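The values are calculated or read from the model by the stated rules, or taken from the named source; none is laboratory data. Remember, it's a predicted structure, so these values are computed and weren't measured experimentally. We place every Cβ from the backbone using ideal geometry, glycine too, and count neighbours over all the protein chains shown.
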Amino acid sequence: MRMLVTGGAGFIGANFVHATVAERPDVEITVLDALTYAGNRESLAPVADRIRFVHGDITDGPLVDDLVRDTDVVVHFAAESHNDNSLGDPWPFVQTNLIGTYTLLEAVRRYDVRYHHISTDEVYGDLELDDPSRFTESTPYNPSSPYSSTKAGSDMLVRAWTRSFGVRATLSNCSNNYGPYQHVEKFVPRQITNVLRGVRPRLYGDGRNVRDWIHVDDHNSAVWAILDGGTIGRTYLIGADGETSNREVVETVLELLGRDSQDFDFVTDRPGHDRRYAIDSTLLRTELGWEPRFADFRAGLEATIEWYRAHEDWWGPRKDATEAAYRAAGEAVTK
Ligand code: NAD
Ligand code: DAU
């Protein structure tokens, strides 16, 4: 099987490529990645001799056409992925998440290529902390940020291209991932690397916001379950029952690194900050028999801390610029 993986030098895409190389020797992988600030060729170094890497942009129509013509399946991870950045400058999000997805859809339509679209639970908006419900495949879309609204728009394009043009597509909407190779701008690696550098972790607002954490390998095994057995045209929610408040995450990181669990700061809140996400992944589990392997978030976090401890060569060069960008955006300690 010839597979085109967009965004394969990013966090989830790189982990997907590693797992696929290890577990699916019959798959020939081409990675298409623009190597934005979030992409890193080093993340693909362990599999460099087993894949083809194309440095290019998903909005480049002729390039995408060439690559899609010679492929059997496209798995589309590439995106501008960080909410905070989308508040500073939404344009790259519109360009990559909407125009990029459109460009891929037109190409898979032209050559009748199977397409899987990677999306996020954020398209559903947020839930109150005391709301007993969770997101399901039929929850109405209600995105809050420029990032999540462009992801929601891209999902809508996929649905329309499937219905109107018969594109053979599936979609998945996953909750917050953690694991190796995640950019230090994101919450979990930011706090781990802060503590490793002797800096106090930083909680937005009151720290009570809840995310539904899933290990990146569990996300990717679910993507493979959908590629293997998913129903064309269907959306699957991916989640591992990992609801945890941001404060609990920070306290656990501090504890696991042998520090006082209260040794953190509260900082300026994110405008429009979604309160809580929670996924009901019953459809994926019952229809496709998928189960997460990393059921214990604390153990997964411990393994992730060990990875960051051992790979300062990977994250160190990006840490200072990332923290400078947060400072420039006005982040300040509130208490
Ligand atoms: P990331 O920011 O770590 O990686 C994105 C990758 O896409 C980078 O390698 C970047 O260089 C590449 N890219 C960006 N714009 C491009 C363009 N125009 N052309 C080609 N390549 C481009 O993101 P991630 O966290 O790995 O997220 C991957 C996908 O998963 C995204 O679609 C995101 O919306 C979705 N998702 C992420 C999470 C999460 O918790 N991180 C959860 C659910 C869904
Ligand atoms: O839910 C899936 C989404 O998860 C993905 O679609 C996004 O691509 C991914 O970035 C992530 O979005 P979040 O905005 O939830 O992730 P982030 O890591 O930015 O923040 C997680 C939570 O932690 C959120 O409530 C904001 C908070 N936070 C974040 C940072 C960077 C802090 O309290 N302090 C911080 O320093």
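None of Thr59, Thr96 is within 19 Å of the chain's Cα centre (by Cα) and modelled with pLDDT of 95 or more except Thr96. Against the test of being of a type in the set (Asp, Glu), in a loop (DSSP other than H, G, I, E, B) and closer than 21 Å to Val216 by Cβ, the options Asp228, Asp241 yield a single qualifying residue, Asp241. Considering the range 281-312 alone, what residues qualify as being in contact with a helix residue (DSSP H, G or I) (Cβ under 8 Å, 6 or more places away or on another chain) and among the aliphatic types (A, V, I, L, M)? Across the range 281-312, the qualifying residues are Leu284, Leu288, Leu301, Ile305. Residues that are crowded, with 20+ Cβ neighbours inside 10 Å and either of a type in the set (S, T, N, Q) or closer than 16 Å to Pro62 by Cβ (or both) within the range 106-117 comprise Ala107, Val108, listed in sequence order. In the range 177-190, the residues that are closer than 16 Å to Ala19 by Cβ form Cβ pairs under 7 Å with partners that are outside any loop (DSSP other than H, G, I, E, B) and near ligand 2 (Cβ under 8 Å from one of its atoms), at six or more places apart or across chains, as follows: Tyr178/Val188; Gln182/Val188. The set of residues in the range 103-145 being more than 13 Å from ligand 1 (Cβ to nearest atom), assigned to a strand (DSSP E or B) and in contact with a Phe, Trp or Tyr (Cβ under 9 Å, 6 or more places away or on another chain) consists of Tyr115, Leu127.
Total residues in the range 28-56 satisfying the condition of being farther than 11 Å from Ala14 by Cα and either under 19 Å from the mean Cα position of the chain (by Cα) or acidic (Asp, Glu) (or both): the figure is 8.
Residue pairs whose Cβ atoms lie under 7 Å apart, sitting 6 or more positions apart in sequence or on different chains, and linking a residue in the range 197-208 that is more than 20 Å from Arg318 (Cβ to Cβ) to a partner that is within 10 Å of ligand 2 (Cβ to nearest atom) and hydroxyl-bearing (Ser, Thr, Tyr), are Gly207/Ser245; Arg208/Ser245. Residues satisfying the criterion are present in the range 84-97 (criterion: within 14 Å of ligand 1 (Cβ to nearest atom) and without any contact (Cβ under 8 Å) to a residue 12 or more places away in the chain). Out of the residues in the range 146-187 that are assigned to a loop (DSSP other than H, G, I, E, B) and within 8 Å of ligand 2 (Cβ to nearest atom), which is farthest from the chain's Cα centre (by Cα)? In this case the residue turns out to be Glu185. When residues in the range 118-130 are screened for being surrounded by fewer than 20 Cβ atoms within 10 Å (Cβ to Cβ) and closer than 16 Å to Lys151 by Cβ, 1 of them pass. Starting from residues that are more than 21 Å from Leu129 (Cβ to Cβ) and aliphatic (A, V, I, L, M), keep the ones in the range 244-265 and report whichever is nearest to ligand 2 (Cβ to nearest atom). Filtering the range 244-265 for residues that are more than 21 Å from Leu129 (Cβ to Cβ) and aliphatic (A, V, I, L, M), the one nearest to ligand 2 (Cβ to nearest atom) comes out as Val253.
Scan the range 13-38 for residues that are within 16 Å of ligand 2 (Cβ to nearest atom) and surrounded by fewer than 22 Cβ atoms within 10 Å (Cβ to Cβ) and the total you get is 2. Across the range 208-231, the number of residues qualifying as farther than 15 Å from Pro292 by Cβ, within 15 Å of ligand 1 (Cβ to nearest atom) and among the small types (Gly, Ala, Ser) comes to 0.
Rundown of residues vs (1) buried (at least 20 other Cβ atoms within 10 Å of the Cβ); (2) closer than 20 Å to Ile279 by Cα; (3) among the β-branched types (Val, Ile, Thr), yes/no style:
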position: Arg163; (1), (2), (3): no, no, no
position: Gly166; (1), (2), (3): no, no, no
position: Asn177; (1), (2), (3): yes, yes, no
position: Pro189; (1), (2), (3): yes, no, no
position: Ile192; (1), (2), (3): yes, no, yes
position: Pro201; (1), (2), (3): yes, no, no
position: Tyr204; (1), (2), (3): no, no, no
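Being under 19 Å from the mean Cα position of the chain (by Cα) and either at pLDDT 95 or above or not small (Gly, Ala, Ser) (or both) holds for only one residue in Ser261, Ser281, and it is Ser281.
None of Arg190, Arg211 is near ligand 2 (Cβ under 8 Å from one of its atoms), within 20 Å of Glu302 (Cβ to Cβ) and outside any helix (DSSP H, G or I) except Arg211.
Just so you know, in the range 279-335 the residues that are among the hydroxyl-bearing types (Ser, Thr, Tyr) and outside any helix (DSSP H, G or I) include one that is surrounded by the most Cβ atoms within 10 Å (Cβ to Cβ), and it is Ser281.
For the range 69-91, a tally of residues being polar (S, T, N, Q) and closer than 13 Å to Leu105 by Cα returns 0. When Gly198, Gly166, Gly153 are checked against the criterion of being at pLDDT 95 or above and under 21 Å from Gly88 (Cα atoms), Gly153 stands alone in meeting it.
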